[in-house]
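*Asks:* Take a look at this one; I'll ask things after.
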Amino acid sequence: MVIVITSELSDGTLLLDAHTETTFEGVRAAQRKLAEIRVDGYDTVHVAGLIEGDDVGEQLDILGIMSVRLNVHHLIVVGEGARRMHQTAEQEGSWGGESIPVFGVEHAYDEVVNLRGPRVAILVTGGVDADMGDVAERLREDRP
C-alpha cells in the first residue's frame, strides 16, 4: 500500500507527500495518483530521487517513460544515481525542459518552489540517497 499524505498549501498548491516511498512499486503507484489529479485540471510536478531495488536502471527507465505517458508537466530528478529517469523521459519526448536533473535536495527545492501555485499538484517521492522529506517539509512549512 502506497502512503501519500495530501495537503493544500497556503498558496493553493496541492502537495502529495510520498517521500517514504523508495521502491519502484511505491513510486509508480504515487505517479498514478498524481495522474488522477492531473485529470482534474491540475498542473503536475514530480520530484523524484533514486529508488531501491534489484534492477534499478530498468525501473528508472520505466518511471521516466511513465512520467511522459502520464503527462506529468514537470519532472525534477534528484541526484546522479537517479539521472537515468531524466534521460529516459527526454528520450521518450520530454524535450522542452519538462524534465530537470538536479544534484541535490537544495536544488530540487529551488526548482519546485518556482512552480508552486493554485491548481498545481506537487508529488514528492523518496530517494535512497537524498532526504526527500526535507523538500516536502519545506514546502509544507512555506519556508525557504
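The values are calculated or read from the model by the stated rules, or taken from the named source; none is laboratory data. Bear in mind the structure is a predicted one, so any value in this text is a computation, not a measurement. Backbone-built Cβ (ideal geometry, glycine too); neighbour counts: all protein chains shown.
*Asks:* Give me the residue from the range 88-105 that is part of a helix (DSSP H, G or I) and of a type in the set (D, E, K, R) and, out of that set, nearest to Leu50 (Cα to Cα). Outline the logic, then answer.
*Replies:* We begin by selecting, within the range 88-105, every residue part of a helix (DSSP H, G or I); these are 88-92, 105.
Now narrow it down to the ones that are of a type in the set (D, E, K, R): 90, 92.
Details: Glu90: 17, Glu92: 19 Å.
If we take residues in the range 88-105 being part of a helix (DSSP H, G or I) and of a type in the set (D, E, K, R), then Glu90 is nearest to Leu50 (Cα to Cα).
*Asks:* Considering only the range 1-23, state which residues are crowded, with 19+ Cβ neighbours inside 10 Å and not in a loop (DSSP other than H, G, I, E, B).
*Replies:* Keep residues of the range 1-23 that are crowded, with 19+ Cβ neighbours inside 10 Å, which gives 4, 13-19, 21-22.
Residues satisfying the conditions are Leu14, Leu15, Leu16, Asp17, Ala18.
*Asks:* Same structure again: Of all residues in the range 15-39, which are of a type in the set (D, E, K, R), touching a strand residue (DSSP E or B) at 6+ places or on another chain (Cβ under 9 Å) and within 16 Å of Arg69 (Cβ to Cβ)? Can you show your working first?
*Replies:* Here is the first cut: in the range 15-39, the residues of a type in the set (D, E, K, R) are 17, 21, 25, 28, 32-33, 36, 38.
Narrowing the set further to residues that are touching a strand residue (DSSP E or B) at 6+ places or on another chain (Cβ under 9 Å) leaves 17, 21, 33, 38.
Scanning the range 15-39 gives Lys33, Arg38.
*Asks:* Tally the residues that are within 13 Å of Glu21 (Cα to Cα) and touching a helix residue (DSSP H, G or I) at 6+ places or on another chain (Cβ under 8 Å), restricting the search to the range 130-142.
*Replies:* Residues meeting the conditions: 3.
*Asks:* For the range 46-73, how many residues meet the condition of being of a type in the set (A, V, I, L, M), in contact with a helix residue (DSSP H, G or I) (Cβ under 6 Å, 6 or more places away or on another chain) and either in a helix (DSSP H, G or I) or under 17 Å from Thr6 (Cβ atoms) (or both)?
*Replies:* Summing the residues that are of a type in the set (A, V, I, L, M), in contact with a helix residue (DSSP H, G or I) (Cβ under 6 Å, 6 or more places away or on another chain) and either in a helix (DSSP H, G or I) or under 17 Å from Thr6 (Cβ atoms) (or both) in the range 46-73 gives 6.
*Asks:* Next up: Cβ-Cβ below 8 Å, separation at least six or inter-chain, first residue in the range 98-125 and free of Cβ contacts under 8 Å to residues at least 60 places away in the same chain, second in a loop (DSSP other than H, G, I, E, B) and of a type in the set (D, E, K, R): which pairs?
*Replies:* Val105/Asp131
*Asks:* Go through the range 10-19 and give me each residue that's modelled with pLDDT under 95 and not small (Gly, Ala, Ser).
*Replies:* Asp11
*Asks:* If you don't mind, another one. Looking for whichever is closer than 12 Å to Gln31 by Cβ, surrounded by fewer than 24 Cβ atoms within 10 Å (Cβ to Cβ) and either charged (D, E, K, R) or touching a Leu at 6+ places or on another chain (Cβ under 7 Å) (or both) here; the options are Arg84, Arg69. Which one fits? If you could, list the steps in order and put the result at the bottom.
*Replies:* On the way: Arg84 fails: closer than 12 Å to Gln31 by Cβ.
None of the others qualify; the one that does is Arg69.
*Asks:* For residues in the range 106-144 being over 14 Å from the mean Cα position of the chain (by Cα), more than 26 Å from Glu52 (Cα to Cα) and charged (D, E, K, R), which is modelled with the lowest pLDDT?
*Replies:* Checking each candidate, the answer is Arg143.
*Asks:* Could you figure out which of (1) at pLDDT 95 or above; (2) closer than 18 Å to Glu58 by Cβ isn't true of Phe103?
*Replies:* It fails just one condition, (2).
*Asks:* Can you tell me which residue among Gly49, Gly26, Gly41, Gly57 is surrounded by fewer than 18 Cβ atoms within 10 Å (Cβ to Cβ), of a type outside the set (Val, Ile, Thr) and modelled with pLDDT of 95 or more? Walk me through it before giving the result.
*Replies:* On the way: Gly49 fails: surrounded by fewer than 18 Cβ atoms within 10 Å (Cβ to Cβ); Gly26 fails: surrounded by fewer than 18 Cβ atoms within 10 Å (Cβ to Cβ); Gly41 fails: modelled with pLDDT of 95 or more.
Step by step, each of Gly49, Gly26, Gly41, Gly57 is checked, and only Gly57 is surrounded by fewer than 18 Cβ atoms within 10 Å (Cβ to Cβ), of a type outside the set (Val, Ile, Thr) and modelled with pLDDT of 95 or more.
*Asks:* Another one. Would it be correct to say that Ala108 is touching a helix residue (DSSP H, G or I) at 6+ places or on another chain (Cβ under 6 Å), surrounded by 17 or more Cβ atoms within 10 Å (Cβ to Cβ) and assigned to a loop (DSSP other than H, G, I, E, B)? Even if it seems obvious, please write down each step before you answer.
*Replies:* On the way: touching a helix residue (DSSP H, G or I) at 6+ places or on another chain (Cβ under 6 Å): yes; surrounded by 17 or more Cβ atoms within 10 Å (Cβ to Cβ): yes; assigned to a loop (DSSP other than H, G, I, E, B): no.
Judged against the criteria, Ala108 is not a match.
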